[in-house]
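Asks: One structure follows; several queries about it will come next.
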Amino acid sequence: MVNSSELEALVNDSKPKHVAIIMDGNGRWAEQRGKIRIKGHHEGVKSVRRVVSSALTIGVESLTLFAFSSENWRRPEAEVSMLMKLFMTVLTREVKKLHKNEIRLKIIGDTSAFSPAIQTKIADAEALTRHNTKLTLNIAANYGGQSDIAHAAKQIAIAVKTGEISVDQIDDNMLGQHIAMADQPAVDLMIRTGGDHRISNFLLWQLAYAELYFTDTLWPDFDNVAFEDAIVSFVNRERRFGGTGEQVRAILTQQK
Ligand code: IPE
Ligand code: IPE
Ligand code: MG
(Lines give C-alpha, C1' and ligand atoms only; values in the text may rest on other atoms or scores of the structure.)
(Ligands and ions follow the chains in the order given, each with its own letter.)
Protein backbone atom coordinates (compact mmCIF):
# COMPACT_ATOMS: atom_id res chain seq x y z
CA MET A 1 0.00 0.00 0.00
CA VAL A 2 1.57 3.32 -1.02
CA ASN A 3 1.16 6.34 1.27
CA SER A 4 0.06 9.69 -0.09
CA SER A 5 3.49 11.21 -0.56
CA GLU A 6 4.63 8.07 -2.37
CA LEU A 7 1.52 8.28 -4.54
CA GLU A 8 2.29 11.92 -5.27
CA ALA A 9 5.83 11.03 -6.31
CA LEU A 10 4.58 8.17 -8.50
CA VAL A 11 2.00 10.36 -10.23
CA ASN A 12 4.45 13.18 -10.84
CA ASP A 13 6.93 10.66 -12.16
CA SER A 14 4.54 9.17 -14.68
CA LYS A 15 2.76 12.24 -16.00
CA PRO A 16 3.38 13.01 -19.67
CA LYS A 17 6.19 15.41 -20.54
CA HIS A 18 4.96 16.15 -24.05
CA VAL A 19 1.30 16.19 -25.08
CA ALA A 20 0.22 16.69 -28.71
CA ILE A 21 -3.36 17.41 -29.79
CA ILE A 22 -5.28 17.18 -33.06
CA MET A 23 -7.91 19.84 -32.38
CA ASP A 24 -10.74 18.51 -34.54
CA GLY A 25 -14.48 19.15 -34.68
CA ASN A 26 -14.80 22.93 -34.89
CA GLY A 27 -16.86 22.83 -38.09
CA ARG A 28 -19.31 20.22 -36.76
CA TRP A 29 -19.67 22.14 -33.49
CA ALA A 30 -20.81 25.18 -35.45
CA GLU A 31 -22.99 23.24 -37.88
CA GLN A 32 -24.83 21.57 -34.98
CA ARG A 33 -25.79 25.04 -33.81
CA GLY A 34 -26.80 26.32 -37.24
CA LYS A 35 -23.78 28.62 -37.35
CA ILE A 36 -21.11 29.08 -40.01
CA ARG A 37 -17.98 26.96 -39.60
CA ILE A 38 -15.70 29.85 -38.70
CA LYS A 39 -17.74 30.36 -35.50
CA GLY A 40 -16.49 26.94 -34.46
CA HIS A 41 -12.88 27.99 -35.06
CA HIS A 42 -13.43 31.11 -32.95
CA GLU A 43 -14.89 29.01 -30.15
CA GLY A 44 -11.95 26.63 -30.51
CA VAL A 45 -9.56 29.42 -29.50
CA LYS A 46 -11.17 29.36 -26.05
CA SER A 47 -10.34 25.67 -25.77
CA VAL A 48 -6.73 26.46 -26.68
CA ARG A 49 -6.55 28.95 -23.80
CA ARG A 50 -8.02 26.42 -21.35
CA VAL A 51 -5.68 23.63 -22.40
CA VAL A 52 -2.59 25.86 -22.22
CA SER A 53 -3.58 26.92 -18.72
CA SER A 54 -4.17 23.28 -17.66
CA ALA A 55 -0.82 22.23 -19.12
CA LEU A 56 0.87 24.93 -17.01
CA THR A 57 -0.91 23.79 -13.86
CA ILE A 58 -0.13 20.12 -14.44
CA GLY A 59 3.48 20.87 -15.31
CA VAL A 60 3.65 19.46 -18.83
CA GLU A 61 6.94 20.50 -20.51
CA SER A 62 5.74 20.65 -24.13
CA LEU A 63 2.31 21.06 -25.66
CA THR A 64 1.92 20.71 -29.42
CA LEU A 65 -1.31 21.79 -31.13
CA PHE A 66 -2.28 20.99 -34.72
CA ALA A 67 -3.76 24.26 -35.95
CA PHE A 68 -3.51 23.95 -39.73
CA SER A 69 -2.36 20.98 -41.78
CA SER A 70 -0.58 21.10 -45.13
CA GLU A 71 -3.80 19.58 -46.56
CA ASN A 72 -6.08 22.26 -45.08
CA TRP A 73 -5.30 24.61 -48.03
CA ARG A 74 -7.80 22.44 -49.94
CA ARG A 75 -10.68 23.89 -47.94
CA PRO A 76 -12.91 26.57 -49.48
CA GLU A 77 -10.97 29.76 -49.97
CA ALA A 78 -13.27 31.72 -47.67
CA GLU A 79 -12.62 29.33 -44.77
CA VAL A 80 -8.84 29.36 -45.35
CA SER A 81 -8.71 33.14 -45.41
CA MET A 82 -10.85 33.36 -42.25
CA LEU A 83 -8.49 30.91 -40.55
CA MET A 84 -5.49 33.04 -41.55
CA LYS A 85 -7.21 36.12 -40.18
CA LEU A 86 -7.91 34.30 -36.94
CA PHE A 87 -4.31 33.09 -36.72
CA MET A 88 -3.12 36.69 -37.14
CA THR A 89 -5.52 38.00 -34.49
CA VAL A 90 -4.54 35.33 -31.99
CA LEU A 91 -0.83 35.93 -32.61
CA THR A 92 -1.36 39.64 -32.01
CA ARG A 93 -3.56 39.30 -28.94
CA GLU A 94 -2.14 36.37 -27.02
CA VAL A 95 1.63 36.62 -27.25
CA LYS A 96 2.05 39.06 -24.37
CA LYS A 97 0.03 36.77 -22.13
CA LEU A 98 2.10 33.78 -23.17
CA HIS A 99 5.28 35.67 -22.38
CA LYS A 100 3.96 36.78 -18.99
CA ASN A 101 3.28 33.15 -18.18
CA GLU A 102 6.85 32.24 -19.18
CA ILE A 103 5.72 30.18 -22.17
CA ARG A 104 8.04 29.66 -25.14
CA LEU A 105 6.18 29.74 -28.46
CA LYS A 106 7.38 27.75 -31.46
CA ILE A 107 5.72 27.34 -34.82
CA ILE A 108 6.42 24.07 -36.60
CA GLY A 109 5.60 23.57 -40.28
CA ASP A 110 6.39 25.42 -43.48
CA THR A 111 5.70 29.01 -42.53
CA SER A 112 7.01 30.34 -45.86
CA ALA A 113 3.53 29.80 -47.34
CA PHE A 114 1.99 32.37 -44.99
CA SER A 115 1.64 36.08 -45.69
CA PRO A 116 4.65 38.29 -44.87
CA ALA A 117 2.60 39.89 -42.06
CA ILE A 118 2.00 36.51 -40.39
CA GLN A 119 5.64 35.49 -40.88
CA THR A 120 6.80 38.67 -39.14
CA LYS A 121 4.40 38.10 -36.23
CA ILE A 122 5.68 34.54 -35.88
CA ALA A 123 9.33 35.60 -35.90
CA ASP A 124 8.67 38.35 -33.32
CA ALA A 125 6.69 36.04 -31.04
CA GLU A 126 9.35 33.34 -31.16
CA ALA A 127 12.12 35.85 -30.49
CA LEU A 128 10.28 37.46 -27.57
CA THR A 129 9.53 34.15 -25.83
CA ARG A 130 12.60 32.12 -26.72
CA HIS A 131 14.18 32.05 -23.25
CA ASN A 132 11.00 31.05 -21.42
CA THR A 133 11.11 27.71 -19.67
CA LYS A 134 7.74 26.99 -17.95
CA LEU A 135 6.17 25.40 -21.02
CA THR A 136 6.98 25.11 -24.71
CA LEU A 137 3.89 25.65 -26.84
CA ASN A 138 4.38 24.34 -30.37
CA ILE A 139 1.78 25.37 -32.92
CA ALA A 140 1.76 23.15 -36.00
CA ALA A 141 0.81 25.42 -38.89
CA ASN A 142 1.05 24.29 -42.51
CA TYR A 143 2.57 21.20 -40.97
CA GLY A 144 2.68 17.71 -42.49
CA GLY A 145 4.33 14.69 -40.87
CA GLN A 146 5.55 13.29 -44.19
CA SER A 147 7.11 16.63 -45.21
CA ASP A 148 8.81 16.77 -41.82
CA ILE A 149 10.53 13.43 -42.53
CA ALA A 150 11.31 14.40 -46.14
CA HIS A 151 12.90 17.62 -44.89
CA ALA A 152 15.08 15.65 -42.46
CA ALA A 153 16.15 13.31 -45.27
CA LYS A 154 17.11 16.32 -47.37
CA GLN A 155 19.26 17.79 -44.57
CA ILE A 156 21.09 14.48 -44.25
CA ALA A 157 21.57 14.19 -48.02
CA ILE A 158 23.16 17.65 -48.01
CA ALA A 159 25.51 16.63 -45.19
CA VAL A 160 26.56 13.53 -47.17
CA LYS A 161 27.10 15.59 -50.30
CA THR A 162 29.34 18.08 -48.52
CA GLY A 163 31.29 15.22 -46.97
CA GLU A 164 30.30 16.14 -43.41
CA ILE A 165 29.00 12.62 -42.80
CA SER A 166 29.21 9.27 -44.57
CA VAL A 167 26.23 7.15 -45.64
CA ASP A 168 27.18 4.52 -43.03
CA GLN A 169 26.59 7.01 -40.26
CA ILE A 170 22.92 7.46 -41.13
CA ASP A 171 20.59 5.78 -38.65
CA ASP A 172 17.27 6.44 -36.89
CA ASN A 173 18.99 8.47 -34.22
CA MET A 174 20.56 10.80 -36.77
CA LEU A 175 17.34 11.22 -38.75
CA GLY A 176 15.52 11.96 -35.50
CA GLN A 177 17.85 14.85 -34.81
CA HIS A 178 16.56 16.62 -37.92
CA ILE A 179 12.85 16.11 -37.20
CA ALA A 180 10.72 18.94 -35.76
CA MET A 181 11.00 19.34 -31.96
CA ALA A 182 14.15 17.19 -31.72
CA ASP A 183 15.20 19.46 -28.85
CA GLN A 184 12.13 18.55 -26.78
CA PRO A 185 11.01 15.47 -24.85
CA ALA A 186 9.44 12.70 -26.96
CA VAL A 187 5.67 12.98 -27.43
CA ASP A 188 4.21 10.59 -24.90
CA LEU A 189 0.50 11.36 -25.29
CA MET A 190 -1.43 12.25 -28.45
CA ILE A 191 -5.05 13.33 -28.12
CA ARG A 192 -7.50 13.64 -31.01
CA THR A 193 -10.88 15.25 -30.42
CA GLY A 194 -13.88 15.08 -32.74
CA GLY A 195 -14.39 11.32 -32.91
CA ASP A 196 -12.14 10.27 -35.80
CA HIS A 197 -9.40 7.70 -35.24
CA ARG A 198 -6.67 8.79 -37.61
CA ILE A 199 -3.43 10.76 -37.62
CA SER A 200 -4.22 13.01 -40.64
CA ASN A 201 -0.50 13.49 -41.42
CA PHE A 202 0.20 15.04 -38.00
CA LEU A 203 3.40 13.96 -36.21
CA LEU A 204 4.48 10.60 -37.67
CA TRP A 205 8.05 10.09 -36.53
CA GLN A 206 7.37 11.65 -33.13
CA LEU A 207 4.40 9.40 -32.33
CA ALA A 208 6.43 6.16 -32.50
CA TYR A 209 5.92 5.40 -28.79
CA ALA A 210 3.08 7.76 -27.89
CA GLU A 211 -0.12 6.66 -26.17
CA LEU A 212 -3.06 7.54 -28.40
CA TYR A 213 -6.20 8.97 -26.82
CA PHE A 214 -9.32 9.52 -28.91
CA THR A 215 -12.42 11.30 -27.70
CA ASP A 216 -15.74 12.11 -29.38
CA THR A 217 -15.80 15.53 -27.69
CA LEU A 218 -15.67 18.27 -30.32
CA TRP A 219 -12.73 20.67 -29.88
CA PRO A 220 -14.81 23.72 -28.77
CA ASP A 221 -16.34 21.55 -26.01
CA PHE A 222 -12.93 20.32 -24.83
CA ASP A 223 -12.40 21.92 -21.40
CA ASN A 224 -9.98 21.58 -18.49
CA VAL A 225 -11.80 18.54 -17.15
CA ALA A 226 -11.62 16.80 -20.53
CA PHE A 227 -7.88 17.52 -20.72
CA GLU A 228 -7.35 16.26 -17.18
CA ASP A 229 -9.31 13.10 -18.05
CA ALA A 230 -6.83 12.41 -20.84
CA ILE A 231 -3.85 12.96 -18.54
CA VAL A 232 -5.35 10.83 -15.75
CA SER A 233 -5.98 8.07 -18.28
CA PHE A 234 -2.34 8.29 -19.40
CA VAL A 235 -1.02 8.13 -15.84
CA ASN A 236 -3.24 5.15 -15.07
CA ARG A 237 -2.21 3.31 -18.22
CA GLU A 238 1.42 3.97 -17.45
CA ARG A 239 1.44 2.66 -13.88
CA ARG A 240 -1.24 0.81 -12.00
CA PHE A 241 -0.43 1.75 -8.43
CA GLY A 242 -3.87 1.47 -6.91
CA GLY A 243 -4.66 5.18 -6.61
CA THR A 244 -8.12 6.30 -7.70
CA GLY A 245 -8.71 8.64 -10.63
CA GLU A 246 -9.75 11.39 -8.19
CA GLN A 247 -6.52 11.09 -6.21
CA VAL A 248 -4.44 11.24 -9.39
CA ARG A 249 -6.38 14.29 -10.62
CA ALA A 250 -5.98 16.08 -7.27
CA ILE A 251 -2.22 15.56 -7.31
CA LEU A 252 -1.91 16.66 -10.95
CA THR A 253 -3.87 19.87 -10.52
CA GLN A 254 -2.57 21.13 -7.18
CA GLN A 255 -1.04 24.56 -7.76
CA LYS A 256 2.75 24.50 -7.80
C1 IPE B 1 -10.39 21.35 -36.94
O2 IPE B 1 -11.77 21.46 -37.04
C3 IPE B 1 -9.73 22.70 -37.06
C4 IPE B 1 -8.97 22.91 -38.31
C5 IPE B 1 -8.70 22.00 -39.21
C6 IPE B 1 -8.47 24.25 -38.51
P7 IPE B 1 -12.48 21.14 -38.42
O8 IPE B 1 -12.64 22.43 -39.16
O9 IPE B 1 -11.78 20.07 -39.15
O10 IPE B 1 -13.91 20.63 -37.93
P11 IPE B 1 -14.76 19.44 -38.53
O12 IPE B 1 -13.88 18.22 -38.51
O13 IPE B 1 -15.15 19.82 -39.91
O14 IPE B 1 -15.91 19.34 -37.60
C1 IPE C 1 -6.68 17.62 -38.82
O2 IPE C 1 -8.05 17.78 -38.95
C3 IPE C 1 -5.99 18.93 -38.94
C4 IPE C 1 -6.15 19.86 -37.81
C5 IPE C 1 -6.80 19.62 -36.70
C6 IPE C 1 -5.51 21.13 -37.98
P7 IPE C 1 -8.78 17.67 -40.34
O8 IPE C 1 -10.22 17.79 -40.06
O9 IPE C 1 -8.20 18.60 -41.31
O10 IPE C 1 -8.39 16.19 -40.79
P11 IPE C 1 -9.21 15.17 -41.67
O12 IPE C 1 -9.62 15.90 -42.90
O13 IPE C 1 -10.35 14.75 -40.84
O14 IPE C 1 -8.25 14.03 -41.92
MG1 MG D 1 -11.96 18.02 -39.21
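The values are calculated or read from the model by the stated rules, or taken from the named source; none is laboratory data. Please read these numbers as outputs of a predicted model, since none were measured by experiment. Ideal geometry is used to build each Cβ from the backbone, glycine not excepted, and the neighbour counts take in all protein chains shown. In case anyone asks, the SASA skips ligands and DNA or RNA and just uses the protein heavy atoms, side chains included. Shrake-Rupley method; radii C 1.70, N 1.55, O 1.52, S 1.80 Å.
Asks: Filter the range 180-227 for residues that are within 12 Å of ligand 1 (Cβ to nearest atom), outside any loop (DSSP other than H, G, I, E, B) and buried (at least 20 other Cβ atoms within 10 Å of the Cβ) and give the result.
Replies: Within the range 180-227, Arg192, Trp219, Pro220 meet the criteria.
Asks: Within the range 166-179, track down each residue that is in a helix (DSSP H, G or I) and more than 11 Å from Ile149 (Cβ to Cβ).
Replies: Selection gives Val167, Asp168, Gln169, Asp172, Asn173, Met174.
Here's the yes/no breakdown for (1) among the small types (Gly, Ala, Ser); (2) loosely packed, with under 13 Cβ neighbours inside 10 Å; (3) more than 16 Å from ligand 1 (Cβ to nearest atom); (4) modelled with pLDDT of 95 or more:
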site: Leu10; (1), (2), (3), (4): no, no, yes, no
site: Asp13; (1), (2), (3), (4): no, yes, yes, no
site: Pro16; (1), (2), (3), (4): no, no, yes, yes
site: Asp24; (1), (2), (3), (4): no, no, no, yes
site: Gly44; (1), (2), (3), (4): yes, no, no, yes
site: Val48; (1), (2), (3), (4): no, no, no, yes
site: Thr57; (1), (2), (3), (4): no, no, yes, yes
site: Asn72; (1), (2), (3), (4): no, no, no, yes
site: Gln119; (1), (2), (3), (4): no, no, yes, yes
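Asks: Being closer than 27 Å to Ile58 by Cβ, touching a His at 6+ places or on another chain (Cβ under 9 Å), not charged (D, E, K, R) and not in a loop (DSSP other than H, G, I, E, B): is that true of Leu137 here?
Replies: No.
Asks: Name every residue in the range 33-42 that is open to solvent by less than 80 Å² (accessible area, probe 1.4 Å) and assigned to a loop (DSSP other than H, G, I, E, B), in order of residue number.
Replies: The one that is open to solvent by less than 80 Å² (accessible area, probe 1.4 Å) and assigned to a loop (DSSP other than H, G, I, E, B): Gly34.
Asks: Pick from Ala55, Ala20: which is within 22 Å of Asn236 (Cβ to Cβ), of a type in the set (Gly, Ala, Ser) and outside any helix (DSSP H, G or I)?
Replies: On the way: Ala55 fails: outside any helix (DSSP H, G or I).
After ruling out the rest, the residue left standing is Ala20.
Condition check ((1) over 24 Å from Leu218 (Cα atoms); (2) open to solvent by 70 Å² or more (accessible area, probe 1.4 Å); (3) touching a Phe, Trp or Tyr at 6+ places or on another chain (Cβ under 8 Å)) across all residues:
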{"site": "Glu77", "(1), (2), (3)": "no, yes, no"}
{"site": "Lys85", "(1), (2), (3)": "no, yes, no"}
{"site": "Glu94", "(1), (2), (3)": "no, no, no"}
{"site": "Lys97", "(1), (2), (3)": "yes, yes, no"}
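Asks: Next question. Could you figure out which of (1) open to solvent by less than 20 Å² (accessible area, probe 1.4 Å); (2) more than 17 Å from Phe87 (Cβ to Cβ); (3) in a helix (DSSP H, G or I); (4) more than 9 Å from ligand 1 (Cβ to nearest atom) isn't true of Ala30?
Replies: The one condition Ala30 does not meet is (4).
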